[in-house]
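Input: a single structure, listed below in structure tokens.
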């Protein structure tokens, strides 16, 4: 994997505006736009064999401010097809609730299938960028045309990581407290005396392990952030997608920190009016991921 390349601050990776449904003349070019180059429009969907652009190039190194710009691009993506995005979000939420209500296996299946749905909506963003319409069907594009296997592999890896972290946490709690400590803790208010000194010592150990588990989860999240997009838009294998996503996230940590701060503010604002703002912020979160992929990996 090559070293990240810097992108000039004065040059945008996007064209003037996103296409709206039925307006192919407004499509984005396939490569970052330059003032002295005319925009190129991709052929209609019927003439394209695949959406994959080929292996991802080395990730660009962005300025920290580009992290905030991803939210601006995500707003443009949402405004290009707001009703379709809201429909996609509602269908995904309903499917998610239905899956997690199934005892035991439902949550596992949801975890495994999430990257498959993510790959589909990345294709939806890519369609809008090329002047093609966005439909609710894009949510299920990850299940088609040979995309399912690599995307579900991402989900299985993510599930395995979560299980390992959970097992380590439970084992740490058990080793730190011991069987008698757990029994005493569960019998709070009963006749079993509690060794508060031992409990404090165990609490410190659990806290440290919790911090370590959080850091590991953050590292894995960095590897997963662009992975579905890299699989469906660049044809990368699951392991290559994870590796390139982590490299891009690590080298652009400044942009991601600013991106995260903006997200916290938007999440608070979206949650105030009965969480209705999430009907907009949910789709914008998808668009911001695509915007990040385009600025870091777009040709």
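Per-structure values
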{"quantity": "Enumeration of residues in region 68-86 that are in contact with a helix residue (DSSP H, G or I) (Cβ under 9 Å, 6 or more places away or on another chain) and within 14 Å of residue 133 (Cβ to Cβ)", "calculated": "77, 80, 81, 82, 84, 85"}
{"quantity": "Condition broken by residue 221, with the remaining ones in (1) in contact (Cβ under 8 Å) with a residue 12 or more places away in the chain; (2) under 23 Å from residue 125 (Cα atoms); (3) under 16 Å from the mean Cα position of the chain (by Cα) satisfied", "calculated": "(1)"}
{"quantity": "Selected residue (criterion: farthest from residue 96 (Cα to Cα)) from residues of region 121-146 that are without any contact (Cβ under 8 Å) to a residue 24 or more places away in the chain and part of a helix (DSSP H, G or I)", "calculated": "137"}
{"quantity": "Pair list, Cβ under 7 Å, 6 or more apart: region 78-95 residue free of Cβ contacts under 8 Å to residues at least 40 places away in the same chain, other residue exposed (fewer than 14 other Cβ atoms within 10 Å of the Cβ) and part of a helix (DSSP H, G or I)", "calculated": "none"}
{"quantity": "Check on residue 296, buried (at least 22 other Cβ atoms within 10 Å of the Cβ) and either closer than 18 Å to residue 156 by Cα or touching a strand residue (DSSP E or B) at 6+ places or on another chain (Cβ under 7 Å) (or both)", "calculated": "yes"}
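Residues checked against (1) exposed (fewer than 14 other Cβ atoms within 10 Å of the Cβ); (2) touching a helix residue (DSSP H, G or I) at 6+ places or on another chain (Cβ under 9 Å); (3) modelled with pLDDT of 95 or more:
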position	(1), (2), (3)
114	no, yes, yes
150	no, yes, yes
165	no, yes, no
177	no, yes, no
205	no, yes, no
211	yes, no, no
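The values are calculated or read from the model by the stated rules, or taken from the named source; none is laboratory data. Just so it is clear, the model here is predicted, and its values are computed rather than measured. So basically every Cβ, Gly included, is an ideal-geometry build from the backbone, and we count neighbours across all protein chains shown.
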